[in-house]
Amino acid sequence: MTDPIMTLNAARLTLDGNAGPVEILRGITLSVARGESLGLTGPSGSGKSSLLMLMGGLERATGGQIAALGHDLTAMGEDELARFRRANMGVVFQSFHLIPTMTALENVALPLEIAGAADAFARAEAELAAVGLGHRRGHYPAEMSGGEQQRVALARALAPRPAILLADEPTGNLDAANGAAVMDLIFGLQEAYGATLIMVTHAPELAARCGRVVRLADGQLVGEAVA
């Protein structure tokens with residue numbers, strides 16, 4: 001693989017359970033190429049969402065090494081990880097995670113303001129327009145449908161132009177029509193912006209749109225397919 005943007009070497013995640021330590025991920029070794037779209041699939045409980053959290057620095061590996069853009073994530077402290085993630089990664093969750101007291105425009109502008117962008121609101125307006133929601137910029141999350149909220153979340157994730165876009169079941173709470181529309185946007189904007197997409201999905205039709213798919217079972221990689 002040429003020019004990997006992220007590498008995992010024997011990455012492990014063990015958490016404390018009621019009956020003792022539980023191995024969630026058991027030695028994951030994987031490389032992700034710059035600009036590719038990678039699907040993470042597998043049955044419930046296989047560890048795919050946990051793997052995505054490790055790749056985003058949202059969960060700390062308990063063994064092995066994870067590097068992104070030439071930086072060792074496993075050696076970073078929490079504050080350093082947060083700064084790195086803010087500068088280089090966008091995350092889209094199944095449950096939207098919009099701030100209910102902020103309008104669509106304010107939600108999208110927030111990461112840009114935190115990054116110190118002087119034109120945060122102008123850029124946020126452009127991102128909302130890119131996902132077809134320029135007319136909803138003054139609306140609050142409770143005033144929008146699930147599909148609209150997920151499009152706002154996508155605009156927020158992509159507004160800082162991250163090198164890596166992480167998506168965890170981004171259509172899991174949407175009906176078929178809204179889910180298809182959101183996925184069209186994700187793949188279209190990923191290609192337009194040149195981001196690397198890493199997506200957890202249980203839907204075969206969504207996985208099939210990725211350039212490469214890896215399958216997990218019992219916390220291990222058990223298969224790989226290239227489109």
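Residues of the stretch 1-39 with backbone nitrogen within less than 13 Å of a virtual label 7 Å along the Cα-to-Cβ line of Ala225, please, listed as ranges. Inside the label zone: 39.
Close amide H partners of Gly90, meaning residues 5 or more places away or on another chain with modelled amide H under 5 Å apart, are Ile164, Leu165, Leu166. Using the Cβ-Cβ distance between Ala122 and Ala192 with R0 = 25 Å, the FRET efficiency computed as 1/(1 + (r/R0)^6) comes to roughly 0.85. Here the stretch 186-227 is scanned for amide nitrogen atoms under 13 Å from the site 7 Å beyond the Cα of Ala180 along Cα-to-Cβ, giving 205-206. Gap in Å between the Cα centre of the stretch 186-200 and the Cα centre of the stretch 110-125? Here the answer is 21 Å between Cα centres.
Taking a sphere under 10 Å around the Cβ of Gly194 and counting the other residues whose Cβ falls inside, with K and R at +1 and D and E at -1, yields a net charge of +1. Comparing the chain with the 2.2 N^0.38 Å rule of thumb, its C-alpha radius of gyration ratio is 1.00 (two decimals).
The length gained on full extension between Glu113 and Phe84, counted as 0.36 nm times the residue separation minus their Cα-Cα distance, comes to 8.8 nm. Please give me, ordered by residue number, the trypsin sites (Lys or Arg not before Pro) of the stretch 1-75 that lie in loop per DSSP and have at most 13 other Cβ atoms within 10 Å. Listed in order of number, the matching sites amount to none.
Taking the DSSP bridge list for the chain and keeping only pairs wholly inside it, about 60 percent are antiparallel.
Can you give the net charge of the other residues whose Cβ lies under 11 Å from the Cβ of Gln220, counting K and R as +1 and D and E as -1?
+1
Compared with the alpha-carbon gap, the fully stretched path from Ala19 to Gln65 is longer by 13.9 nm at 0.36 nm per residue.
Computed over the stretch 1-65, the P(r) curve from all C-alpha pair distances, binned at 5 Å from the origin, holds 4, 16, 26, 26, 17, 6, 3, 2, 0 percent per bin. Estimated from helical segments only, the mean residue ellipticity of the chain at 222 nm is -10000 deg cm²/dmol, where each DSSP H run of four or more residues counts as -39500 (n - 2.57).
Every number here is computed from the coordinates shown, using simple stated rules; none is lab data. Just so you know, these numbers come straight off a predicted model, no measurement behind them. Here Cβ is always computed from backbone atoms with ideal geometry, including for glycine, and neighbour counts include all displayed protein chains.
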